[in-house]
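Contents: one structure, followed by commentary.
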Amino acid sequence: MPHAYELHVDVAAQCLCCLATRSFRFSSPSDQVVCALCVNHLGTDKSERRDREHVRMWADLLADQQVNHQAEVERLDAALAAESATIAELREQSAGLSAVVAGEFAAGGVRELLENDVVRRADRGTELANRRNDRTMAVLWRLERLHHENDKKNGACACGKPVISCEEFRAIEPERRSIREWEAKNVALAADGQRHGLPAEHPAVAASAPRRRF
């Protein structure tokens with residue numbers, strides 16, 4: 001049966017034998033859409049060998065995907081944990097300085113304390129940490145928009161790949177809830193006209209006026 005894939009270029013296509021997505025280079029519409037592993041499976045007398053090799057192939061693919069997924073999850077968890085620790089530390093410093101300011105108010109030393117370099121650096125550090133966190137979450141939000149389950153096609157990622165074979169989908173999945181909580185918080189800030197961390201292309205940014213961002 002002729003195929004409709006582009007000729008003489010590398011294309012990603014689903015092998016009609018093992019159903020895995022592979023790289024092909026077709027020279028004719030009549031070329032078999034069968035990967036190199038499955039070429040030896042053609043023929044009615046080779047079904048037992050075909051099934052054994054398919055099972056082994058999918059087991060190997062699953063093992064590789066699990067290793068890659070775990071490594072990506074650990075990397076993202078470490079990055080988010082580091083950001084959270086920095087923010088918590090700076091907030092604690094800022095809260096302590098605020099308490100000192102409140103205690104000094106009656107003594108008339110507020111102006112001098114507010115001009116103190118330590119206070120300014122702590123506030124600036126908190127602001128920079130918030131910006132870094134927002135930039136990280138904005139990148140994850142963009143990726144989540146490109147790689148989430150397609151509501152109209154069960155088992156398919158929004159990018160067009162099956163969810164099971166989309167590495168980006170699996171990497172984002174553990175952080176999807178955090179991304180959406182961050183998004184909801186910043187959408188509320190944008191709607192209230194406050195500073196927020198949403199990227200410029202977010203629908204809530206266009207809908208809010210005036211548009212104020214970190």
In the list 121, 132, which residue meets the criterion of being open to solvent by 70 Å² or more (accessible area, probe 1.4 Å), under 30 Å from residue 176 (Cα atoms) and either at pLDDT 85 or above or assigned to a helix (DSSP H, G or I) (or both)? 132
In the stretch 62-77, what residues are touching a residue at least 12 places away in the same chain (Cβ under 8 Å), over 18 Å from residue 138 (Cα atoms) and open to solvent by less than 80 Å² (accessible area, probe 1.4 Å)? 65, 69
Looking at the structure I just gave you, is residue 183 closer than 22 Å to residue 76 by Cα and of a type in the set (Asp, Glu)? yes
All but one of (1) over 36 Å from the mean Cα position of the chain (by Cα); (2) of a type outside the set (D, E, K, R); (3) open to solvent by less than 80 Å² (accessible area, probe 1.4 Å); (4) modelled with pLDDT of 80 or more hold for residue 34; state the number of the condition that does not hold. (1)
Any residue that is surrounded by 18 or more Cβ atoms within 10 Å (Cβ to Cβ), of a type outside the set (Phe, Trp, Tyr) and at pLDDT below 85 - is there at least one of those in the stretch 158-174? yes
Given the structure, is residue 74 charged (D, E, K, R) and closer than 30 Å to residue 131 by Cα? yes
Inside the stretch 143-154, can you point out the residues that are open to solvent by less than 40 Å² (accessible area, probe 1.4 Å) and in a loop (DSSP other than H, G, I, E, B)? 147
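Can you confirm whether residue 174 is in contact (Cβ under 8 Å) with a residue 40 or more places away in the chain and part of a loop (DSSP other than H, G, I, E, B)?
Against the criterion (in contact (Cβ under 8 Å) with a residue 40 or more places away in the chain and part of a loop (DSSP other than H, G, I, E, B)), residue 174 does not qualify.
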Among (1) open to solvent by less than 70 Å² (accessible area, probe 1.4 Å); (2) over 30 Å from residue 179 (Cβ atoms), there is one condition residue 80 misses while meeting the rest; what is its number? (2)
Tell me the residue from 52, 56, 25, 91 that is modelled with pLDDT of 80 or more, farther than 30 Å from residue 133 by Cβ and out of contact with any Cys (no Cβ under 7 Å at 6 or more places or on another chain), please. 25
Restricting the stretch 174-195 to residues that are within 12 Å of residue 141 (Cα to Cα) and of a type in the set (A, V, I, L, M, F, W, C), the one nearest to the chain's Cα centre (by Cα) turns out to be 179
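The values are calculated or read from the model by the stated rules, or taken from the named source; none is laboratory data. Predicted model, so just to flag it, every value in this text is computed and none were measured. Note that each Cβ is placed from the backbone with ideal geometry, even for glycine, and that neighbours are counted across all protein chains shown. When the accessible area is computed, the model is the full protein with side chains, heavy atoms only, and any ligands, DNA or RNA have been set aside. Shrake-Rupley method; radii C 1.70, N 1.55, O 1.52, S 1.80 Å.
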